[in-house]
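Everything below concerns the one structure shown next.
No value in this document is a laboratory result; all are computed from the given coordinates. Model, not experiment: these values are computed from the prediction. Here the Cβ is made from the backbone with ideal geometry for all residues, glycine too, and neighbour counts use every protein chain on show.
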């Protein structure tokens, strides 16, 4: 079906001049509105303004311009129904074969610091979605172009097909348009229902932030970034979806420099490594295996940080994910090569040319570049059968001022520093989590056990297997010790200080055990379960 008439009305003018000129060169009559019409005319294109076309002027500050039977009749009339075509002829309504529309920038407006309810409401598009949906519904006879990225492909196909677009292309564009309007309406609903109580009472006042993260109905929209070879296991299908507004400095916005495609597990573990890395200052290395940190350390430089992190658990580090918070140079790569350390993914804000040259020999190694912007996911989502669990990020950062010393002995300044380090690592270890640390490095990590004492024993065994002494170490627990047995184990291993939330009915028993062993113990009052 040859395109002879197009309606162009865009808020985002990017690429529209080239697209309109391409349509005109193919003999397409151009209809347009307001600012778009003025722009096209200034470029010498012949354009019929929508008011002249309908015989009814734009009104109400542009709120009403395309909401007219001559517009929607020309879009919605089915070309295969004689009755529809007779109605068009009877009312002098020419068919409109292509609709090029994008919508008022509601998304950009609500991100402004000074946004008001009135300003946000004024930037809710009405006519644009109506035309977009009308054209998409009638894709058998009409093409709808909502994305500037499609302009070039649409023109190329029209040139090949003597001004026509295939049914497959029109259907593809229709699906894209419906997705676009659904996302647009979902964004409006999310923002309005997440607003502060009573914001409608003063529509000209700046909206108070933060908004509630939990609207009554949550509309989610993610873009498929890639299909994956398989999911957690080869018999599972999988795909990776990206937030349309991903925060900077996250795995979803990473850039891959080399290596095979990322797998489902690669992406999940890379996210775990990078999110853990963000909570540390100074040259830091995080090694993750199966979503758990198996080595974390801060050093004088990245090479030293890596060597310390690797010592924690060389066995688990093999085949893991490794992340750095600074530019990786050749000394780091050389240290990895000396240990014959195979990793699946390596993540950093950058790599020197010398490091890239050494890493190029590892063709399967995925190298990811991620900016070190300290932004975090706004919400954590977990799918369950028939529903969705949604929570805010565990952003609680324990500081010494939050410590409550509950034992006769108090931690030394050096121990306090290590307790903070251990607590920050424990936040990223699956519950029940026990982390032994010393000198800004992990010494033993116990993760994901059904009982806390077993996690403590495993962390001790891990340290022994790595040849690391736990004498003088500190320990972080992500939740309270329900019994004294865990304290007995860590004291026997050589630990001298413990950090935990407290809150057990047996706290007094646990504190007495710590005093018995001569330990310093501090309560934080903050639990860090991670399931």
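Which value, in nm² and rounded to one decimal, describes the direction-averaged projected area of the C-alpha convex hull of the stretch 253-369?
6.1
Can you tell me the length gained on complete extension of the stretch residue 157 to residue 235, counting 0.36 nm per residue apart and subtracting the Cα distance?
Net length gain for the segment: 24.2 nm.
For residue 373 and residue 179, FRET efficiency with R0 = 30 Å and r from the beta-carbon atoms, rounded to 0.05?
With a Förster radius of 30 Å, E is 0.55.
Take each of the peptides 406-415, 342-351, 316-325, average the number of other beta-carbon atoms within 10 Å over its residues, and list them starting from the highest.
Order by mean packing, descending: 316-325, 342-351, 406-415.
Taking Cα centroids, how far is the stretch 358-422 from the stretch 221-277 in Å?
A separation of 19 Å, based on Cα centres.
Let's test the formula: R0 of 45 Å, r as the Cβ-Cβ distance of residue 258 and residue 512. What FRET efficiency results, to the nearest 0.05?
0.20
May I ask what percent, to the nearest 5, of DSSP beta bridges between residues of the chain are antiparallel?
55
Quick check for you: which residues of the stretch 300-321 have the amide N under 13 Å from the point 7 Å beyond the Cα of residue 331 toward its beta carbon?
300-307
What distance in nm separates the simple spin-label points at residue 79 and residue 492, each placed 7 Å from Cα in the Cβ direction?
8.2
To the nearest 500 deg cm²/dmol, what mean residue ellipticity at 222 nm is calculated for the chain from DSSP H runs of n ≥ 4 alone, each contributing -39,500 (n - 2.57), summed and divided by the residues?
It lands at -11000 deg cm²/dmol.
What spacing in nm lies between the two simple spin-label points modelled at residue 147 and residue 4, each 7 Å away from Cα in the Cβ direction?
About 3.1 nm, to one decimal.
Using Cα centres only, tell me the gap between the stretch 1-28 and the stretch 319-357 in whole Å.
49
Using R₀ = 56 Å, calculate the FRET efficiency as 1/(1 + (r/R₀)^6) where r is the Cβ-Cβ separation of residue 364 and residue 202; round to 0.05.
Computed FRET efficiency for residue 364 and residue 202: 0.45.
Obtain the nm distance between the two label points defined at residue 389 and residue 223 by a simple spin-label model: each point lies 7 Å from its Cα along the Cα-to-C-beta direction.
3.1
I need to check one value: relative contact order of the chain, counting alpha carbon pairs closer than 8 Å and at least 6 residues apart, in percent.
9
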